[in-house]
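> Supplied in structure tokens, the structure appears directly below.
The values are calculated or read from the model by the stated rules, or taken from the named source; none is laboratory data. Bear in mind that the values here come from a model prediction, so they are computed numbers and not experimental data. Neighbour counts run over all protein chains shown; Cβ positions are idealised from the backbone, glycine included. Only protein heavy atoms, including side chains, enter the accessible area calculation; ligands, DNA and RNA are left aside. Shrake-Rupley method; radii C 1.70, N 1.55, O 1.52, S 1.80 Å.
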Amino acid sequence: MNQPRSAAPTRARRLAEMTSQEARRSAGAGDIVLVPAGALEQHGPAMPLGTDTIRAEAVCEDLARRRPGDVVIGPVIPVGVSPHHLAMAGTLTLTTSTFTALVREIALGLRRQGWRKILVITGHGGNNAALTTVAQDLLAVDRDLEFAWSPLTSLAGDVVREAGVSEIHGHCGEAETSQMLHVAPDLVREDLLEAGVTTMADLDPTSALARSFSQPTLTRPYDQLSPNGVLGDPRRATAELGERILARIIERLDAFVEHWSRL
């Protein structure tokens with residue numbers, strides 16, 4: 001007896017794979033353009049330099065498959081604002097002025113071609129301040145251009161807290177490593193996972209001050225925060241936790257896109 005075939009997953013639409021005429025139709029239909037943004041920077045002893053870009057692309061891919069008639073994936077921005085990681089091997093960075101100019105030119109270029117709604121999804125927290133600046137600047141250029149941006153892990157803060165992460169956690173820690181174990185397990189060197197700074201007592205006095213107050217903001221280079229560039233204990237990471245984190249991230253982005261696409 002023949003078994004029924006399972007439906008093939010919907011393929012995400014990518015601007016780079018479209019013809020010119022297909023792009024024209026997409027813009028005319030009012031599609032939302034997703035722009036994955038990441039970084040090329042140290043991610044501790046066990047994770048790849050492109051971790052932030054990989055996670056951003058994975059989220060955009062999932063979101064685009066869920067909403068094939070509403071969104072298209074635009075160009076990927078693989079290098080971000082990472083001067084705080086420069087002391088560690090492999091890190092590349094753009095200045096904030098270069099990054100903001102790049103995002104701005106991409107957004108205005110898409111607008112010239114007819115798209116009106118752009119959502120940058122960044123896997124790298126170092127890009128956040130620059131994206132806020134771009135959003136403000138674009139209001140003075142084109143009031144009809146709707147530019148939005150979102151981080152990743154903070155959208156699933158409730159899931160991360162419920163997982164019982166370390167007192168100090170974040171970069172390369174339990175949550176980020178779990179996401180990579182779910183989306184790209186072959187790129188995580190599990191035998192090299194090691195804890196970094198996990199408690200306030202592990203920090204030098206200036207770094208402890210920086211982590212004790214949400215405002216004022218005191219920025220510290222990562223080699224002064226953590227000798228191995230890790231905040232948290234990635235040995236506690238699991239693919240299952242990563243799946244839950246990403247499911248919550250996508251759930252919240254999907255709700256936003258659903259409402260936005262109707263406007």
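> Test A201 against the criterion of being open to solvent by 60 Å² or more (accessible area, probe 1.4 Å), aliphatic (A, V, I, L, M) and closer than 21 Å to V165 by Cα, and give yes or no. Working first, answer last.
On the way: open to solvent by 60 Å² or more (accessible area, probe 1.4 Å): yes; aliphatic (A, V, I, L, M): yes; closer than 21 Å to V165 by Cα: yes.
Taking the combined requirement at face value, the residue satisfies it.
> I've got another one for you. State which residue is modelled with the lowest pLDDT when the search covers only segment 1-15 and only residues that are closer than 19 Å to R66 by Cα and open to solvent by 100 Å² or more (accessible area, probe 1.4 Å).
Quick first cut of segment 1-15, residues closer than 19 Å to R66 by Cα only: 6-15.
Within this subset, residues satisfying the condition of being open to solvent by 100 Å² or more (accessible area, probe 1.4 Å) are 6, 9, 11.
Working: S6: 45, P9: 66, R11: 87.
Top of the filtered list is S6.
> Continuing with this model, one more query. Given the structure, is R25 over 15 Å from the mean Cα position of the chain (by Cα) and among the basic types (K, R)? Give the steps one after another, and end with the answer.
On the way: over 15 Å from the mean Cα position of the chain (by Cα): yes; among the basic types (K, R): yes.
Judged against the criteria, R25 is a match.
> Among (1) in contact (Cβ under 8 Å) with a residue 12 or more places away in the chain; (2) open to solvent by 60 Å² or more (accessible area, probe 1.4 Å); (3) not hydroxyl-bearing (S, T, Y), which single condition is L209 missing?
For L209, the failing item is (1).
> Considering only segment 43-52, state which residues are open to solvent by 10 Å² or more (accessible area, probe 1.4 Å) and not in a strand (DSSP E or B).
Of all residues in segment 43-52, those open to solvent by 10 Å² or more (accessible area, probe 1.4 Å) come to 44-45, 47-50.
Scanning segment 43-52 gives G44, P45, P48, L49, G50.
> Right, here's the next one. If the requirement is being touching a His at 6+ places or on another chain (Cβ under 7 Å), closer than 27 Å to D254 by Cβ and among the β-branched types (V, I, T), which of these qualifies: T91, T51?
T51
> Out of curiosity, is L86 closer than 21 Å to L253 by Cα and of a type in the set (A, V, I, L, M)? Full working, then the answer.
On the way: closer than 21 Å to L253 by Cα: no; of a type in the set (A, V, I, L, M): yes.
Criteria not met by L86.
> So is R236 touching a residue at least 24 places away in the same chain (Cβ under 8 Å), open to solvent by 100 Å² or more (accessible area, probe 1.4 Å) and under 20 Å from the mean Cα position of the chain (by Cα) or not?
Here the answer is no, as R236 does not meet what is asked.
> While we're looking at this one, here's another question. Of all residues in segment 63-96, count the ones that are within 17 Å of the chain's Cα centre (by Cα), assigned to a loop (DSSP other than H, G, I, E, B) and within 10 Å of R13 (Cα to Cα).
So the count comes out to 1.
> I've got another one for you. Among (1) of a type in the set (G, A, S); (2) surrounded by fewer than 16 Cβ atoms within 10 Å (Cβ to Cβ); (3) closer than 11 Å to A39 by Cβ, there is one condition A56 misses while meeting the rest; what is its number?
Evaluating A56 over (1) of a type in the set (G, A, S); (2) surrounded by fewer than 16 Cβ atoms within 10 Å (Cβ to Cβ); (3) closer than 11 Å to A39 by Cβ leaves (2) as the failure.
> Something else about it: Please tell me if E194 is farther than 17 Å from G123 by Cα, modelled with pLDDT of 95 or more, surrounded by 16 or more Cβ atoms within 10 Å (Cβ to Cβ) and of a type in the set (D, E, K, R).
no
> Considering only residues that are part of a helix (DSSP H, G or I) and open to solvent by 20 Å² or more (accessible area, probe 1.4 Å), which ones fall in segment 24-39? Show your work before the answer.
Taking segment 24-39 first, the residues part of a helix (DSSP H, G or I) are 24-28.
R24, R25, G28, listed by residue number.
> Then there's this: Out of L119, L155, L139, L218, report the one residue that is closer than 30 Å to A64 by Cα and touching a helix residue (DSSP H, G or I) at 6+ places or on another chain (Cβ under 6 Å). Break it down stepwise before answering.
Working: L119 fails: touching a helix residue (DSSP H, G or I) at 6+ places or on another chain (Cβ under 6 Å); L139 fails: touching a helix residue (DSSP H, G or I) at 6+ places or on another chain (Cβ under 6 Å); L218 fails: closer than 30 Å to A64 by Cα.
After ruling out the rest, the residue left standing is L155.
> Checking I249 against (1) in a helix (DSSP H, G or I); (2) out of contact with any Leu (no Cβ under 7 Å at 6 or more places or on another chain); (3) surrounded by 14 or more Cβ atoms within 10 Å (Cβ to Cβ); (4) at pLDDT 95 or above: exactly one of these is not met. Which one?
Here I249 clears every test but (2).
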